[in-house]
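Trainee: This is the structure I want to talk about, given as structure tokens.
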Amino acid sequence: MDLIPAPWRIGGNEGGRVRLDDRTRLEAGPGTEGVARWLRTTVGAATGLPFPEHGDSEGPLRLAVDPGLPPEGYRLSLHGPGRLIEGGSAAGVFWGAQTFRQLLGPDAFRRAPLRPGRVWDLPEVTVEDRPRFRWRGLMLDVARHFTPKDGVLRHLDLMAAHKLNVFHFHLTDDQGWRIEIKRHPRLTEVGSWRARTKFGHRTSPLWDEKPHGGHYTQDDIREIVAYAAERHITVVPEIDVPGHSQAAIAAYPELGNTDVVDTTRLSVWDTWGVNPNVLAPTDDTLRFYEGVFEEVLGLFPADAAQFSAFIHVGGDECPKDQWRRSPAAQARIRELGLADEDALQSWFVRHFDTWLSARGRRLIGWDEILEGGLAEGAAVSSWRGYAGGIAAARAGHDVVMCPEQQVYLDHRQHDGPDEPVPIGYVRTLEDVYRFEPVPAEFTPGETAHVLGTQANLWTEVTEDQARVDYQAFPRLAAFAEVAWSALPVPAERDFAGFERRMEAHYGRLDALGVGYRPPGGPRPWQRRPGVLGRPVDGPPPSR
Ligand code: ACM
């Protein structure tokens, strides 16, 4: 049946089929109304099946919550007149509905039926399923290249189709500020666009000489969060401090280290790399960002969803040169009795750790935030390999494993000359399929701190949807299986079997309009001849 991600258990009645037609009723038990809505609007649109609430049919499709199942687990049973999707919670029922859609075939991934009056049939099966990890994430960088709102909603649909449930929304960086903050309007008026953009890796001589930008209004954000929630996806916003802040400084020059740089001359950054212009460690900066976070907390409420308390504060790649040269920063270090600039960064992050905790929220940051010690409850995104995640778990912190060597989807997926703007490590579909999020040496106690895993997609060299699709797919399908399915140790994983199932999955991706990398290599229009990337065998990548 070629399901992706592979379910825990599947049993069938060889050759048996279950029919659905326009009289097939949808019976939604308490708590499953949202799943019924999704089935009608999405699967209904693709198939033309109206799923009426009333009417006669040989057997309804029933949705029910069964608290005896694991929270995100489900049981899907299709047998003659019995068609039932039960989940441990509404989320479980929703993941079961995703499997149901895959069983209908690739045309169920379109937006309208190809022929009127088609009778739909599915194999007689029972699928029992449950996720391996609770946090099955995708990070999308909308700062380096903006993804318009429709594109974000499309990503949420693609995530749902792969049973991924955390959307890490990288909203701010040196190259753009993407979220409306009412009390600081220049963040988007000035900070959300740049006059031109480096085309290719930063060593490329090419420029795209056109303005680039965009931002989400607060209502856009509310819509995105609600759309995600309807799909049982939690959106975790990232506001990056104290580095990766040039766009904010361009909008409000007083946020920068004004005693060592003329920040009034800074504009939103138009090229790539680690930027020296970081926030000044002043009280005014802290108050400014508390104001930002207050609005962010209102837009991303902590509700019943399991990871909705999390706010990501970045914390990565903060060069200390300006703080070393800044008399104000040095005075701050002395006044706080800190050892050095690294301790100052840690003080900065801890300030927001305490501030968020006091509001019932949890801080998460890139693994650099571990360096000065963290408050209880804070969690770490381990990106510089496994080391940060190992140290975090051993110190009693929760971790999300997203090592750049394995699951940075902006990195090239083949070593051939035709890969568009190839950067970073070569990480093939098979490499991603064999990624193991939990370090082999972990004790059960340490393993319990692994919330899950996440693939990250930075967008310096992916300027539009087609390029993002190419980098994300098909590898995101392999990643989804790593995050969801109970796979054996990497060496024993059946990659050939996964590739076979991918043949059906490419049909689903085609129906969804995803511009994936075909197994044989890029199509002519997916190449970017002459645009420089970064060598394969170079030092560990830094953007
Ligand atoms: C990162 O890749 N700088 C988190």
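The values are calculated or read from the model by the stated rules, or taken from the named source; none is laboratory data. These numbers were taken from a predicted model, which means no experiment stands behind them. Virtual Cβ from ideal backbone geometry, glycine too; neighbours counted across all protein chains shown. Accessible surface is based on the protein model in full, side chains and every heavy atom, while ligands, DNA and RNA are left aside. Shrake-Rupley method; radii C 1.70, N 1.55, O 1.52, S 1.80 Å.
Trainee: Sort out which residues of region 205-261 are open to solvent by 30 Å² or more (accessible area, probe 1.4 Å), in contact (Cβ under 8 Å) with a residue 60 or more places away in the chain, among the charged types (D, E, K, R) and farther than 30 Å from Gln345 by Cα, and write them in order of number.
Mentor: Asp208, Asp220, Arg222, Glu223, Glu230
Trainee: Let me ask another. Of the residues that sit in region 130-162 and are of a type in the set (Lys, Arg) and assigned to a loop (DSSP other than H, G, I, E, B), which one is surrounded by the fewest Cβ atoms within 10 Å (Cβ to Cβ)? First the steps, then the outcome.
Mentor: Quick first cut of region 130-162, residues of a type in the set (Lys, Arg) only: 130, 132, 134, 136, 144, 149, 154.
Pick out the ones that are also assigned to a loop (DSSP other than H, G, I, E, B) and you get 130, 132, 134, 144.
Numbers: Arg130: 21, Arg132: 18, Arg134: 15, Arg144: 23.
Among those residues, the one meeting the criterion is Arg134.
Trainee: Using beta carbons and a limit of 6 Å, which pairs, at least six apart or on different chains, have the first residue in region 57-85 and farther than 13 Å from Ala97 by Cβ and the second one among the β-branched types (Val, Ile, Thr)?
Mentor: That search, which allows pairs on different chains as well, returns Ser57/Thr24; Ser77/Thr126.
Trainee: The conditions are (1) at pLDDT 95 or above; (2) buried (at least 18 other Cβ atoms within 10 Å of the Cβ); (3) at negative phi, and Arg359 fails exactly one of them. Which is it?
Mentor: The failed condition is (2).
Trainee: Run down Asp415, Asp494, Asp469 and say which single residue is under 28 Å from Arg528 (Cβ atoms), of a type in the set (Asp, Glu) and modelled with pLDDT of 95 or more. Walk me through how you get there before you give the answer.
Mentor: Working: Asp415 fails: modelled with pLDDT of 95 or more; Asp494 fails: under 28 Å from Arg528 (Cβ atoms).
It is Asp469.
Trainee: In region 364-387, how many residues are over 17 Å from the mean Cα position of the chain (by Cα) and outside any helix (DSSP H, G or I)?
Mentor: The qualifying residues number 9.
Trainee: Related question: Here is a check on your reading of the model: is Ala478 open to solvent by 10 Å² or more (accessible area, probe 1.4 Å) and in a helix (DSSP H, G or I)?
Mentor: Details: open to solvent by 10 Å² or more (accessible area, probe 1.4 Å): no; in a helix (DSSP H, G or I): yes.
It is false that Ala478 is open to solvent by 10 Å² or more (accessible area, probe 1.4 Å) and in a helix (DSSP H, G or I).
Trainee: Check Glu460, Glu446, Glu419 and return the single one that is within 15 Å of the ligand (Cβ to nearest atom), touching a residue at least 40 places away in the same chain (Cβ under 8 Å) and farther than 12 Å from Val482 by Cβ.
Mentor: Details: Glu446 fails: within 15 Å of the ligand (Cβ to nearest atom); Glu419 fails: within 15 Å of the ligand (Cβ to nearest atom).
Unique residue meeting the criteria: Glu460.
Trainee: Next question. Condition test on Gly497, is it in a helix (DSSP H, G or I), open to solvent by less than 70 Å² (accessible area, probe 1.4 Å), over 19 Å from Asp2 (Cα atoms) and free of Cβ contacts under 8 Å to residues at least 40 places away in the same chain?
Mentor: No; evaluated as a whole, the condition is false for this residue.
Trainee: Another question, then. Take region 7-28 and flag every residue that is open to solvent by 10 Å² or more (accessible area, probe 1.4 Å), touching a strand residue (DSSP E or B) at 6+ places or on another chain (Cβ under 9 Å) and not in a strand (DSSP E or B).
Mentor: Our first condition is that a residue be open to solvent by 10 Å² or more (accessible area, probe 1.4 Å); within region 7-28, this holds for 7-17, 19, 21-23, 25, 27-28.
Now restrict to residues that are touching a strand residue (DSSP E or B) at 6+ places or on another chain (Cβ under 9 Å): 7-17, 19, 21, 25, 27-28.
Pro7, Trp8, Asp21, Arg25, listed by residue number.
Trainee: Filter region 435-457 down to the residues that are closer than 15 Å to His155 by Cβ and out of contact with any His (no Cβ under 8 Å at 6 or more places or on another chain) and list them by number. Spell out the reasoning first.
Mentor: Taking region 435-457 and keeping what is closer than 15 Å to His155 by Cβ, we get 454-457.
Scanning region 435-457 gives Ala455, Leu457.
Trainee: State whether one or more residues within region 91-109 are assigned to a loop (DSSP other than H, G, I, E, B), farther than 20 Å from Arg9 by Cα and touching a strand residue (DSSP E or B) at 6+ places or on another chain (Cβ under 9 Å). Even if it seems obvious, please write down each step before you answer.
Mentor: Residues of region 91-109 assigned to a loop (DSSP other than H, G, I, E, B): 105.
Restricting the remaining residues to those that are farther than 20 Å from Arg9 by Cα gives none.
The answer is no; no qualifying residue exists.
Trainee: Considering only region 307-320, I want to know if a residue exists there that is open to solvent by 10 Å² or more (accessible area, probe 1.4 Å), in a helix (DSSP H, G or I), free of Cβ contacts under 8 Å to residues at least 60 places away in the same chain and not aliphatic (A, V, I, L, M).
Mentor: Within region 307-320 (the criterion being open to solvent by 10 Å² or more (accessible area, probe 1.4 Å), in a helix (DSSP H, G or I), free of Cβ contacts under 8 Å to residues at least 60 places away in the same chain and not aliphatic (A, V, I, L, M)), the answer is no, since none of the residues qualifies.
Trainee: Here is a further query. Would you mind stating whether Ala379 is within 16 Å of the ligand (Cβ to nearest atom), among the small types (Gly, Ala, Ser) and touching a strand residue (DSSP E or B) at 6+ places or on another chain (Cβ under 8 Å)? It would help to see each step written out before you state the result.
Mentor: Details: within 16 Å of the ligand (Cβ to nearest atom): yes; among the small types (Gly, Ala, Ser): yes; touching a strand residue (DSSP E or B) at 6+ places or on another chain (Cβ under 8 Å): yes.
Here the answer is yes, as Ala379 does meet what is asked.
Trainee: While we're on this one: Restricting region 425-438 to residues that are touching a Phe, Trp or Tyr at 6+ places or on another chain (Cβ under 6 Å) and open to solvent by less than 10 Å² (accessible area, probe 1.4 Å), which is farthest from the ligand (Cβ to nearest atom)?
Mentor: From region 425-438, those touching a Phe, Trp or Tyr at 6+ places or on another chain (Cβ under 6 Å) are 430, 432-433; that's our starting set.
Checking the rest, the ones that are also open to solvent by less than 10 Å² (accessible area, probe 1.4 Å) come to 432-433.
Values: Val432: 17, Tyr433: 22 Å.
It comes out as Tyr433.
Each row is one residue, and each column tells you yes or no for (1) hydroxyl-bearing (Ser, Thr, Tyr); (2) within 13 Å of the ligand (Cβ to nearest atom); (3) open to solvent by 30 Å² or more (accessible area, probe 1.4 Å).
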| residue | (1), (2), (3) |
| --- | --- |
| Leu374 | no, no, no |
| Arg394 | no, no, yes |
| Val400 | no, yes, no |
| Pro403 | no, yes, no |
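Trainee: Still on this structure: So, of the residues in region 463-473 that are surrounded by fewer than 23 Cβ atoms within 10 Å (Cβ to Cβ) and not in a helix (DSSP H, G or I), which turns out to be nearest to the ligand (Cβ to nearest atom)?
Mentor: By that ranking, first place goes to Glu463.
Trainee: Another question, if that's okay. Scan region 388-416 residue by residue and report those that are without any contact (Cβ under 8 Å) to a residue 40 or more places away in the chain, touching an Asp or Glu at 6+ places or on another chain (Cβ under 7 Å) and not in a helix (DSSP H, G or I).
Mentor: none
Trainee: Among the residues of region 29-54 satisfying the criterion of being without any contact (Cβ under 8 Å) to a residue 40 or more places away in the chain and open to solvent by 50 Å² or more (accessible area, probe 1.4 Å), which is nearest to the chain's Cα centre (by Cα)? Please lay out each step first, then the result.
Mentor: The first filter runs over region 29-54 and keeps only residues without any contact (Cβ under 8 Å) to a residue 40 or more places away in the chain, leaving 29-30, 33, 36, 40-41, 44, 50-54.
The next check asks that each one be open to solvent by 50 Å² or more (accessible area, probe 1.4 Å); those that pass are 30, 33, 40-41, 50, 53-54.
Values: Pro30: 30, Glu33: 26, Arg40: 26, Thr41: 24, Pro50: 32, Glu53: 35, His54: 39 Å.
Only one residue fits best here, namely Thr41.
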